[in-house]
Amino acid sequence: MEWETVIGLEVHVQLQTASKIFSGASTAYGALPNTQACGVDLGLPGVLPVLNANTVHMAVKFGLSVDAEIAHRSVFARKNYFYPDLPKGYQISQFELPIVGKGHLDIQLDEETVKRIGITRAHLEEDAGKSLHEDFQGMTGIDLNRAGTPLLEIVSEPDMRSANEAVAYLKTLHALVRYLEISDGNMQEGSFRCDANISMRPKGQSKLGTRAEIKNINSFRFVEKAINYEVERQIQVLESGGSIVQETRLYDSDRDETRSMRSKEEANDYRYFPDPDLLPLNIDDHFIGEIKKTLPELPHEKRQRFEKAYGLSTYDANNLVASRELAEYFETVLKESKAPAKLVVNWVMGELSAALNKESLDITTSKITASALAQLLARINDNTISGKIAKTIFEGMWLGEGDADSIIEKQGLKQITDTSAIEPIIDEVMANNPQQLAQYREGKDKLFGFFIGQVMKACAGKANPAQVNELLRKKLQQD
Amino acid sequence: MHQKTIAELSQALAQGTYSSEELTKHYLQRIKQWDTSLNSFITVCEETALASAKSADEARRQGKAGPLTGIPMAQKDIFCTNGIKTTCASKMLENFTAPYDAMVVEKLNAQGMVMLGKTNMDEFAMGSSNEHSHFGPVKNPWNLDCVPGGSSGGSAAAVAARLVPAATGTDTGGSIRQPAALCGITGIKPTYGRVSRYGMIAFASSLDQGGPMTQTAEDAALLLNAMAGFDERDSTSLDAPVPDFTADLNQPIKGLRIGLPKEYFSAGLDPAVGDVIMAAIKEYEKLGAIITEVSLPNNHLAGPAYYVIAPAECSSNLARFDGVRYGYRCKEPKNLEDLYKRSRGEGFGEEVKRRIMIGTYALSSGYYDAYYLKAQQMRRLISEDFKRVFEKVDVIMGPTYPSIAFKIGEHSKDPLEMYLSDFYTIAINLAGLPGLSIPAGFANSLPVGLQIVGPYLNDSKLLNVGHQFQQHTAWHQKIPSQFAK
């Protein structure tokens, strides 16, 4: 039987506010345990939550960016369950009335294919603390620094049909929240976490199969691996006549497998009800309108502009807009160098990307600034240097030897474009290679390359290749 | 000294008749002498009280004294006090000391009031008899075999016996008004949101409201002036201007339209209590008030709605008491589940556990719509009843409680019987309205309270109406003879 994979994703995005969603404690990552938890975060008797208005701004901003309905009235609800890192015995979340309703996100699958993924809802909630099992023999440590950190949980429709689509969706969403500057998207620190709901159904059937939920997958690579593993597992179960159990599973990246965590029967009854400590959140059109004004150019808008204004391919444009910083870097280089867009793309996605990857850096930590690269490309563009020499200069710049102009100056790498300087070199090469010259003139055209090579060698690669080409051809034919 | 109201003490302090230190020593002495029989205090803080009395006297010398500076008072042990134990009368918090002050504590401290201690109460404010305290029942000063009412029974008994001139209370379904009635003192549950709940250990967040328990309506107004006000740390606190609650006290009440809900004077009301209430109404008539009968047709829904909503909220509010971070933890837990089950099983008393279970059940999947949602709908109907009635009358009056104080242990076998007695007070919390109870007389030598209810934010009106009654009657001046000297 042919199976169809059905995937829906729940993404927890940590909002980059200075303080927590219901308290004034700092949200900075990496502090000593329990030093960033105030009375509210500790769930002391008598304390009360007060909503951080910034989180509302950010949620609305996100909602607008995915064309979603913004709820004029949303309600915070308590999700009740006991766990040591959940200080109040309930998590404040939104249940029946989330702040962001139905919307959608378009993902680019290849050069031609765009797929629209439905967004069911997005709601605000607080994060729990962390249980630390390693450092305490026979005990568990609780760190409540993370408790109360604002999260936006973004729930998709079950619209994805493969691990590839799921990854494309996640990458698009990741870029979006970073564009909106509502999250740093740092996956290692847990600022962007994903749960995947996966089910299989016979191809052509519209009814959804029973799903398993894979919890807390924290990298794009693991999402792909976890989904692929789970799809294989479910197909095996189904084809051997079994049925899928609705359950929560955990992905183990060390063993590359998913394992059952708890079944539906063991699942908590969360006893959701409206939090009586918080009033319903009322948002009017004016508020929404003001936030709309602050929306930046979104990734898909930027991509379209890059294609149209700079004549880039969808592929190149897509790569560039993957991050706001990269796109900005590209545009700065383009503007300052005045070089053709294609040349800039090739350098940014080629030499620069390779250099960054090699040292596990990203565009924000690049050793060559956009202005510095612009200067280098400007020198190619005005024929001061050749592309080949530029690569040597780039290496020097990367190693901190100075900017393009100073390296060109210091090492005398300036391209020779003066005909009167190139001609004597050609004459010399011709004089030194009479045998090859004779063969060429007898019709062995292939030797043209040999002469080019000799000339470039003689001038240490500095002569303008196009000029060398033209002058050499003329001279070889002349005499 | 202890015969005096706050208003009188304030004057005496201002005139230098005695110092705050003398006053404080006097009351501390009374507590030492009498509270062994009443059990109205859980914690007495002699040292800090004397220290704050001295600073109050110093402030007065520097001309920085306000009307409440140097006046002793007590906090219900549900308000968090920085550095002083806050137990909520529970084994769960027997040794808990909060690292911060509740807003109410902060505000009264800022006025220079002298806190003598923390008063006894029903555990986590759940109860109407003060029998449900880990620290033992409180006795009614008018008859030591009787309950003082609850949950603010300690505050009511202490004020009635003049162990302290005034105290704070909290009221979720009548916990200020009912003990005030049964002990013969004045107590007001302000409009929901008037007084910040920050630092007041939550029972049912949408119903809880703190307020003063005093000898007179005038004293209540003085205290409420200090307690009320918007607090940005409590999202449900009202961002509305706070009036001077004493400003209207002396307004004549001629022409005041009083509504008597017929539902309040039906079966279930002790006839002797009914007689006292009707006599008080007569008194109001003499003062020029106009009496009309009104109806609150949905009043019978108040009990069912309340006993779903309050337990539902409490089941969640009390989840934080889990033995993990503070409070009682069972001995040698075998595992996490054992830690939870035994810490909570051993740390909470019977009444608290009963309500947690009712609330958990009401919120559970499959029952939510039938219980919690229905209760919320009933709550709206109850509110609408009051809105309609207040189009015709200025205030509603009736008994605060259907009986006089009952014997300790009398209702302990059947909790439902006690729940059903709360029906005059709980509807007021469900509607968020202000409610005042003032002493109206005696039945069988025990005090009877008259409840006065007004429209939203009409706290001043109630205090005015109560004060006018107290200007023409002396019930509020009665002190149980045993404690009079």
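Every number in this text was worked out from the coordinates using simple rules, so none of it is lab data. Note that the structure is a prediction, hence the values are computed from the model and not measured. Counting neighbours? That spans all protein chains shown, and the Cβs are built from the backbone with ideal geometry, glycine included.
Peptide A:275-283 is shielded by partner chain Cβ atoms: per residue, an average of 4 of them sit within 10 Å of its Cβ. Computed from backbone phi with θ = phi - 60° and the Karplus coefficients 6.51, -1.76 and 1.60, the 3J(HN,Hα) list for segment A:465-477 is x, 5, 5, 4, 3, 5, 5, 4, 4, 4, 5, 4, 7 Hz; x is used for glycine and proline.
Please tell me the relative contact order of segment A:419-477 in percent, rounded to the nearest whole number, where contacts are Cα pairs under 8 Å and at least six residues apart. Walk me through the numbers before you get to the answer.
Values: 30 pairs, mean separation 24.4, N = 59.
Once normalised by length, the contact order is 41 percent.
Only helical DSSP H runs with n ≥ 4 go in: add -39500 (n - 2.57) per run for chain A, normalise by residue count and round the 222 nm mean residue ellipticity to 500 deg cm²/dmol. So the calculated ellipticity at 222 nm is -12000 deg cm²/dmol.
So between A:Asp405 and A:Ser243, what do we pick up on full extension, going 0.36 nm a residue minus the alpha carbon distance?
Extra length available between A:Asp405 and A:Ser243 comes to 51.5 nm.
For B:380-392, what's the mean count of beta carbons from other chains sitting within 10 Å of each residue's beta carbon? Don't skip to the end; give the middle numbers.
Values: counts 0, 0, 0, 0, 0, 0, 0, 0, 0, 0, 0, 0, 0.
The shielding value for this peptide is 0.
When only Cα pairs below 8 angstrom with a gap of at least 6 residues are kept, segment A:233-347 shows a relative contact order of 12 percent. Spin-label model, A:Ser219/A:Asn433: points 7 Å from Cα along the beta carbon direction are separated by 5.0 nm. For B:Thr216, the shell of other residues with beta-carbons less than 11 Å away shows a net charge of -2, using +1 for Lys and Arg and -1 for Asp and Glu. Label zone of A:Thr140 (point 7 Å out along Cα→Cβ, amide N under 14 Å): in segment A:57-85 this covers A:81-85. Spherically averaged projected area of the convex hull of Cα atoms, chain A: 32.5 nm². Rounded to 0.05, the FRET efficiency of the A:Thr210 and A:Lys446 pair, given R0 = 60 Å and the Cβ-Cβ distance, is 0.30.
The residues packed around A:Lys342, meaning those with a beta-carbon under 13 Å from its beta-carbon, carry a net charge of -2 if Lys and Arg are +1 and Asp and Glu are -1.
Of the listed pairs A:Lys388/A:Lys414; A:Lys338/A:Lys388; A:Lys79/A:Lys115; A:Lys388/A:Lys410, which have alpha-carbon separations greater than 24 Å here?
On the way: A:Lys388/A:Lys414 12 Å; A:Lys338/A:Lys388 19 Å; A:Lys79/A:Lys115 34 Å; A:Lys388/A:Lys410 17 Å.
The answer is A:Lys79/A:Lys115.
Straight Cα distances below 19 angstrom link A:Lys474 to the lysines A:Lys444, A:Lys446, with same-chain residues fewer than 8 positions distant left out. Packing here is the average count of other Cβ atoms within 10 Å per residue, and on that basis the peptides B:126-136, A:167-177, B:169-179, highest first, run B:169-179, B:126-136, A:167-177.
Length gained on full extension, A:Asp284 to A:Asn54, computed as 0.36 nm times the residue gap minus the Cα-Cα distance: 81.2 nm.
The modelled label-to-label distance between A:Asn164 and A:Glu10, using points 7 Å beyond Cα along the C-beta direction, is 2.9 nm.
Other protein chain C-beta atoms within 10 Å of residue C-beta, averaged over B:245-254: 0. Remark on B:Arg194: its backbone amide H falls under 5 Å from those of B:Leu238, a criterion applied only to residues 5 or more positions apart or on other chains, H modelled at 1.01 Å from N. The relative contact order of chain B, computed from alpha carbon pairs under 8 Å that lie at least 6 residues apart in sequence, is 18 percent. Computed 3J(HN,Hα) for segment A:93-103, one whole-Hz value per residue from the Karplus formula 6.51 cos²θ - 1.76 cosθ + 1.60 where θ = phi - 60°, is 9, 10, 10, 6, 10, x, 6, 10, x, 5, x, glycine and proline marked x. Across segment B:26-38, coupling constants 3J(HN,Hα) worked out from phi with the 6.51/-1.76/1.60 Karplus curve, θ = phi - 60°, read 4, 5, 4, 5, 5, 4, 4, 6, 10, 6, 4, 8, 8 Hz, and Gly and Pro carry x.
Take the cross-link list A:Lys203/A:Lys292; B:Lys76/B:Lys341; B:Lys118/B:Lys485 and give me the ones stretching past 32 Å between alpha-carbons.
Numbers: A:Lys203/A:Lys292 41 Å; B:Lys76/B:Lys341 28 Å; B:Lys118/B:Lys485 24 Å.
Too far apart for the 32 Å limit: A:Lys203/A:Lys292.
Under a Cβ-Cβ cut-off of 15 Å, what is the net charge of the residues other than A:Lys207 that fall near it, where Lys and Arg count +1 and Asp and Glu count -1? All intermediate terms of the calculation are to be shown ahead of the outcome.
Details: positive: A:Arg201, A:Lys203, A:Arg211; negative: A:Glu4.
Here the charged neighbours net out to +2.
Taking 25 Å as the straight-line reach from the Cα of B:Lys286, the lysines in range (excluding those fewer than 8 positions away in the same chain) are B:Lys254, B:Lys262, B:Lys392, B:Lys461, B:Lys478. Sorting A:355-367, A:89-101 by their mean Cβ neighbour count within 10 Å, with the most densely packed peptide first, gives A:89-101, A:355-367.
Amide H to amide H distances under 5 Å link B:Ser129 with B:Gly150, where only residues 5 or more positions off or on other chains count and H is placed in the peptide plane. Label separation (B:Asp338 vs B:Phe265): 6.3 nm, computed from points 7 Å beyond Cα along the C-beta direction.
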